[in-house]
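Visitor: Pasting a structure below so you can have a look.
The values are calculated or read from the model by the stated rules, or taken from the named source; none is laboratory data. Predicted, not measured: the structure shown is a model, and the values here were computed from it. Don't worry about glycine lacking a Cβ; one is built from the backbone with ideal geometry, like all the others, and counts go over all protein chains shown.
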Amino acid sequence: MNDRLSALWGGVLTNRWGRIALALLAGAAAALAHPPFGILPGLLGYPLLMLLAERSRTVKGGFWVGWLAGFSYFFIGCWWVAEAFLVNKDQAWMAPFAASLLPMGLGLFFGAATALYRRFAPQGVRRVLLFAALFAMLEWLRGHVLTGFPWNPTGASWQAGSAMSQFASVAGVYGLGLVTLAAVSALGLLASGGPRRPRLIAAGLGVAVLAGLFGFGALRLSSAERVDGPTLVRLVQADIPQESKWSPEAYQAIVDRYVALTAQPGAALPDVVVWPEGALPATANDVFNSPDAQAIAGALQTGQTLLMGISRGEADPTAEGGARYYNSLFALHDEGAAGLRIGAIYDKHRLVPFGEYLPMGRLMSQIGVRSLVHVPSDFSAGPKPAPISLVNAPNVQPLICYESLYPGFTPASGATRPAWIVNVSNDAWFGATSGPRQHLNLASYRAIETGLPIARATPTGVSAMIDPWGRIVDGKRLDPGHAGVIDVRLPEPAAPTLYGRWGDGLFGLLLVLMLGGGLSWRRRKALA
């Protein structure tokens, strides 16, 4: 029976169409391991990809199996981006290109990893270290090259807040991914050739590493006692669908809905009210110079602070059209008879390509491509993220939309460390797809890495308070398609984490050690 299976396996690997099918299957399986799917056996897609790269006859062949797996991985993980282009019928023609070109481009990182792996033609059980290191290195590059797109890194396959996710507090999500890749790839040796005993030992070590990750996380969570601070936060979710948001007829109803939810009676008066990114379909300049400013002030009570996500314009004679526009978060403090005072403004630093600005904008506009912003020109980037001060609450680090995907944007140790993170996002662009739920999981990893709670507000979900261990506080969340408020005490921050002190330093050290271990067989071969 084993001989027949080996022959069948060998036949599939040598057949061109069989290899294509297996490469697509490997990427799809790995993608489905991520929340909200959570099919964790899909992690075995990585050792399958490793074996396919090994059996490739050339480096070029190794690249193509990786690229196919990457295309499948990102097609499943990022298909929801097409939904954003369907909001505006004039841009709907771009949806198929967004759904296909993005995974085609991101698949290059998978292809580069497997091509390098095939180039070194690894042998022995140590090759799992080389595969994991090369793959994790290219994943880190994906999160940094050309502003980066760190969506669904391998480490985030584990549900944030689970025991397996807690190693991110030590080595970050990239370090967690590196260790996960090495552990699951070791299981692939059971289906490869070579002496049986070393392969069994390596696979056993892989299982032991996974058990160690679980044990470490379980121990960390067992001592994780959440302490609620005095600050009461209200997260407002108005359930505003993106397709009707910018119609003039909907404007007043949207303002009224946010005002009503803000003024809604509760068990206690919130200290801070959080509105999502781009809450109102207008710029701050227009809103603050209209009767709506009085309506917003009327919804607040003296001493309250409103964190409002809204775009703003700023005169600039050097800019196209004489003005620059920013995707911003305003901290508005109610001073009673004196009205609302702007305490701080945070301008989004890391903008979404094609969504908020166009790379090679002039060329793109000539062929009919336009960003998705509803202001006269593309957004401009703000300065590097830094905490802001609030009158009646601890210092907070704002992160707008997908800035929450990036490790290291929040000072996680030292005197500048804030007490919490607020992530306002407009996930309404992606409707009832997997995108908003994936975004929640990815943002929650910033809590684990920094030891800071995260208040997250979106127009249609998912809105929640996340504790310093990545768990949703009291299970209170507002999912897509639901309107309401969440009143929750702001948890106190946990002690600074190792990742908060070292950043990606430990990840880099593990990467070097695994590369050295994986390549050591070449030195032995040269000396033999």
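Visitor: Check off (1) in a helix (DSSP H, G or I); (2) surrounded by fewer than 16 Cβ atoms within 10 Å (Cβ to Cβ) for residue 167 and give me the number that stays unchecked.
Guide: With respect to (1) in a helix (DSSP H, G or I); (2) surrounded by fewer than 16 Cβ atoms within 10 Å (Cβ to Cβ), residue 167 is out only on (2).
Visitor: For residues in the range 408-420 being crowded, with 23+ Cβ neighbours inside 10 Å and either within 20 Å of residue 504 (Cα to Cα) or acidic (Asp, Glu) (or both), which is modelled with the lowest pLDDT?
Guide: That would be 412.
Each row is one residue, and each column tells you yes or no for (1) surrounded by 21 or more Cβ atoms within 10 Å (Cβ to Cβ); (2) among the β-branched types (Val, Ile, Thr); (3) not assigned by TED's automatic domain parsing to the domain that holds residue 59.
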| position | (1), (2), (3) |
| --- | --- |
| 132 | yes, no, no |
| 136 | yes, no, no |
| 160 | yes, no, no |
| 179 | yes, yes, no |
| 183 | yes, no, no |
| 189 | yes, no, no |
| 198 | no, no, no |
| 214 | no, no, no |
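Visitor: Give just the number: which of (1) modelled with pLDDT under 95; (2) surrounded by fewer than 19 Cβ atoms within 10 Å (Cβ to Cβ); (3) within 21 Å of residue 193 (Cα to Cα) does residue 54 not satisfy?
Guide: Among (1) modelled with pLDDT under 95; (2) surrounded by fewer than 19 Cβ atoms within 10 Å (Cβ to Cβ); (3) within 21 Å of residue 193 (Cα to Cα), residue 54 violates only (2).
Visitor: So, one more: For a quick check of your reading: which helices (runs of 4 or more DSSP H) sit entirely within the range 181-278 and have at least 3 residues that are out of contact with any helix residue (DSSP H, G or I) (no Cβ under 6 Å at 6 or more places or on another chain)? Spell out how you get there, then give the answer.
Guide: Values: elements: 196-222, 242-245, 251-263.
Those helices (runs of 4 or more DSSP H) span 196-222, 251-263.
Visitor: Looking at residue 464, is it of a type outside the set (Val, Ile, Thr), over 13 Å from residue 238 (Cβ atoms) and within 18 Å of the chain's Cα centre (by Cα)?
Guide: Considered against the rule, which asks whether it is of a type outside the set (Val, Ile, Thr), over 13 Å from residue 238 (Cβ atoms) and within 18 Å of the chain's Cα centre (by Cα), residue 464 comes out as yes.
Visitor: Go through the residues of the range 443-457 one by one and say whether even a single one is within 18 Å of residue 356 (Cβ to Cβ) and not aliphatic (A, V, I, L, M).
Guide: No - not one qualifying residue is present in the range 443-457.
Visitor: Looking for something more than 21 Å from residue 391 (Cα to Cα) and either at pLDDT below 95 or assigned to a loop (DSSP other than H, G, I, E, B) (or both) - is there at least one such residue anywhere in the range 296-307?
Guide: Taking the range 296-307 as the starting set, the residues that turn out to be more than 21 Å from residue 391 (Cα to Cα) are none.
The answer is no, given that none of the residues of the range 296-307 is more than 21 Å from residue 391 (Cα to Cα) and either at pLDDT below 95 or assigned to a loop (DSSP other than H, G, I, E, B) (or both).
Visitor: List, please: which pairs have Cβ atoms under 8 Å, are six or more places apart or on different chains, and start with a residue in the range 93-106 that is over 15 Å from residue 430 (Cβ atoms) and end with one that is modelled with pLDDT of 85 or more and outside any helix (DSSP H, G or I)?
Guide: So the pair list comes out as 106/149.
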